[in-house]
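Chemist: Provided herewith is a single structure, encoded as structure tokens, for subsequent inquiry.
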Amino acid sequence: MSDGPLEGLLVLDLTRLLPGGYATLLLADLGADVVKVEEPDKGDYIRWTPPLVGEFSSAHIALNRNKRSITLNLKNDRARELFVKLVAGADVVIESFRPGVMDRLGVGWDALHEVNPSLVYCAISGYGHDGPRAKTAGHDVDYMAYAGALSVMGGDDRPSIPGLQIGDLAGGGMAAVIAILTALHKCRATGEGSFCDISMQDGITSWLSIHAAEFFASGTPPVRERMHLSGAYPCYRVYPAADGWLAVGALEPQFWAALCGALDRNDLLGDGFAVGERRDQVIAELEALFASRTRAEWMETLAEVDACVAPVNDFAEAFADEQVNERHMVVEAPVAGVPWNHVGNPIKISGEDGPLVRREPPRLGEHTAEILGSIGITADEFEELQTLGVV
């Protein structure tokens, strides 16, 4: 059995933290040989992010299964020479430095493209490689704020920071994977590599397409909790139960009608999209009704009702969910001999059902000698490189 559909693809990963780590996790799970190129002694900062599980950070375990690690001090001329040799045989380089950093080191797109014309080079940054903020520092909350997404999240009193890093994961990680696979497809047809310029703000902005279309058409900015799918209507809201919360997504008329029937409130059939005072009245009545029973009681009542109602699960409930486990989105595989639950890969491809974890998360520089050996570095030469601080 192969390691996956991307077996044979060599990816040199210079990224740190979440966006690039998540992108290369998806590639590694699908069979790519992902080599983390890390700074000696320090490595990817996520290695040291609490909580620690033995010698490993839980975040490092989450993002770095199925990868190898090499240490190279790219500020050193000899290390850069070795990196360029690795690039000559690689398919993809992915990095997440500020624009200009790799060029200053002499290993940016132009230099590496000359060495390997078929190379796919992916750069993930907050704002992209051009524009007035290209070199501005930022984090997920900043990209969300600039893109306008933060303005529509939260309650009436203030914007709220989402519990997930949307820019990092979607605007950075998933967008990078899409770009890399697209560029590889182009390369297969033309033999020519590509520079993929991935901006996390761009990615978030693209997620606002429907909201933007309404704004362009009306000239009216969306308002928190007053948008179609963020609580504006009684048929699409989160309601309190006696012991938690219920998500009601009865958007289509048939779902709303089914819900009203199950609640014995057919008098509300015409109020799914109520506005103004009537909206507030219907929401208040439904809040009182849902709060009269527990989530489990409501889910039992609605079990056979096609009404798009779900319990708002906490993490323990979510990861014990039958659907999640049937879809192999929680997989147990030990790490350093310790039992560990891994979140599965969301990409399901027929005929590709091998083990999720083929290689444990690497220790810093664990595969340096092995990888450099593939480009002709002997054991004696490796010892010298260590002495000189190259690796």
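The values are calculated or read from the model by the stated rules, or taken from the named source; none is laboratory data. Everything quoted here is computed from the prediction, not taken from an experiment. Positions of Cβ are generated from backbone atoms using ideal geometry, with glycine treated the same way; all protein chains shown enter the neighbour counts. Accessible surface is based on the protein model in full, side chains and every heavy atom, while ligands, DNA and RNA are left aside. Shrake-Rupley method; radii C 1.70, N 1.55, O 1.52, S 1.80 Å.
Chemist: Net charge within 13 Å of PRO159 by Cβ-Cβ distance, Lys/Arg positive one each and Asp/Glu negative one each, not counting PRO159 itself?
Modeler: Details: positive: ARG158, ARG224; negative: ASP142, ASP156, ASP157, GLU225.
Local charge sum for PRO159: -2.
Chemist: Could I ask something else about it? Dipole size in debye (nearest 20) for the chain around its Cα centre, Lys and Arg Cβ +1, Asp and Glu Cβ -1?
Modeler: I would put it at about 800 debye.
Chemist: Taking 8 Å as the Cα distance limit and 6 or more residues as the minimum spacing, I'd like the relative contact order of the chain as a percentage.
Modeler: About 19 percent, as a whole number.
Chemist: Here's another thing I want to ask about it. Restricting things to alpha carbons, tell me how big segment 1-138 is in terms of Rg and Dmax, in Å.
Modeler: Rg, Dmax (Cα atoms, Å): 15.1, 49.
Chemist: Probe 1.4 Å, all protein chains in place: accessible area of THR301 in Å², nearest 10?
Modeler: Counting only protein heavy atoms, the figure is 50 Å².
Chemist: Counting just the Cα atoms, what span does segment 171-228 cover along each of its three principal axes? Round to the nearest Å and put the largest first.
Modeler: Over segment 171-228, Cα extents along the principal axes are 49, 21, 16 Å.
Chemist: Tell me, what is the percent relative contact order of segment 15-139, built from C-alpha pairs under 8 Å that lie six or more residues apart?
Modeler: Details: 164 pairs, mean separation 27.3, N = 125.
Over segment 15-139, the number comes to 22 percent.
Chemist: 5 Å is the cut-off here: which amide hydrogens, built 1.01 Å from N in the peptide plane, fall below it relative to ALA241, excluding neighbours closer than 5 in sequence?
Modeler: For ALA241, whose amide H was placed from the backbone, the distant partners under 5 Å are LEU246.
Chemist: Given 10 Å bins starting at zero, what is the percent of C-alpha pairs of segment 1-76 in each, up to the one with the largest pair distance?
Modeler: 20, 49, 26, 4, 0
Chemist: With the contact rule set at Cα under 8 Å and sequence spacing of 6 or more, what percent relative contact order holds for segment 1-63?
Modeler: RCO, segment 1-63: 32 percent.
Chemist: I'd like the Karplus ³J(HN,Hα) series for segment 89-98: coefficients 6.51, -1.76, 1.60, θ = phi - 60°, whole numbers in Hz, and an x wherever there's a Gly or Pro.
Modeler: In residue order, the calculated couplings are x, 9, 9, 9, 10, 10, 9, 9, 6, 5 Hz.
Chemist: Still on this structure, please answer the following. I need the GluC sites (Glu not before Pro) found in segment 149-225, filtered to DSSP loop residues with at most 14 other beta carbons within 10 Å of theirs.
Modeler: Values: sites: GLU192, GLU214, GLU225; in loops: GLU192, GLU225.
Hits after loop and neighbour filter: GLU192, GLU225.
Chemist: Still on this structure: Can you give the translational diffusion coefficient of segment 225-333 in µm²/s, computed by Stokes-Einstein from the Kirkwood radius over Cα pairs at 37 °C and 0.692 mPa s? It would help to have the intermediate numbers written out before the result.
Modeler: Values: Rh = 14.7 Å.
For the chosen part, D equals 223 µm²/s.
Chemist: Quick one: P(r) of the chain from all Cα-Cα pairs, 20 Å bins, percents rounded to integers, in order of increasing distance.
Modeler: Percent of Cα pairs in each bin: 23, 48, 24, 5, 0.
Chemist: Could you derive backbone 3J(HN,Hα) for segment 198-209 from the dihedral phi with the Karplus parameters 6.51, -1.76 and 1.60 (θ = phi - 60°), listing whole Hz in sequence and x where the residue is Gly or Pro?
Modeler: 9, 9, 5, 5, 4, x, 5, 4, 5, 6, 8, 3
Chemist: Could you point to the residue in ASN73, ALA274, PRO362 farthest towards the positive end of the chain's charge dipole, with +1 and -1 charges on the Cβ of Lys/Arg and Asp/Glu respectively?
Modeler: ASN73
Chemist: Which of the trypsin sites (Lys or Arg not before Pro) across segment 63-132 are loop residues per DSSP, with 13 or fewer other Cβ within 10 Å?
Modeler: Sites meeting the loop and neighbour criteria: LYS75.
Chemist: Next question, about the same structure. For segment 1-146, with only Lys/Arg (+1) and Asp/Glu (-1) charged at the beta-carbon, what is the dipole magnitude about the Cα centre, in debye rounded to 20?
Modeler: Details: 15 positive and 20 negative charges, 72 e Å.
Roughly 340 debye, rounded to the nearest 20.
Chemist: Okay, next question. Calculate for the chain the 222 nm mean residue ellipticity that helices alone would give, adding -39,500 (n - 2.57) per DSSP H run of length 4 or more and normalising by residue count, nearest 500 deg cm²/dmol.
Modeler: Only helices count here, giving -10500 deg cm²/dmol.
Chemist: Same structure, new question: Report the semi-axes of the equivalent ellipsoid for segment 329-391 in whole Å, largest first, where each axis is √(5λ) for an eigenvalue λ of the Cα gyration tensor.
Modeler: In descending order the semi-axes read 34, 15, 9 Å.
Chemist: How large is ³J(HN,Hα), in whole Hz, for each residue of segment 281-286 in order, when computed from phi with the Karplus curve 6.51 cos²θ - 1.76 cosθ + 1.60 and θ = phi - 60°, using x for Gly and Pro?
Modeler: 5, 5, 4, 4, 5, 5
Chemist: Take every Cα-Cα distance within segment 53-197, group them into 5 Å bins from 0 onward, and report for each bin the whole-number percent of pairs it holds.
Modeler: For segment 53-197, the pair-distance distribution reads 2, 8, 14, 17, 17, 17, 12, 7, 4, 2, 1, 0.
Chemist: Treating only the Cβ of Lys, Arg, Asp and Glu as charged (+1, +1, -1, -1), what charge dipole size does segment 188-342 show about its Cα centre? Round to the nearest 20 debye.
Modeler: With Lys and Arg at +1 and Asp and Glu at -1, about 380 debye.
Chemist: Sticking with this structure for a sec: How many nm is it between the label spots at ALA379 and ALA291, if each spot is 7 Å from the Cα in line with the beta carbon?
Modeler: 7.3
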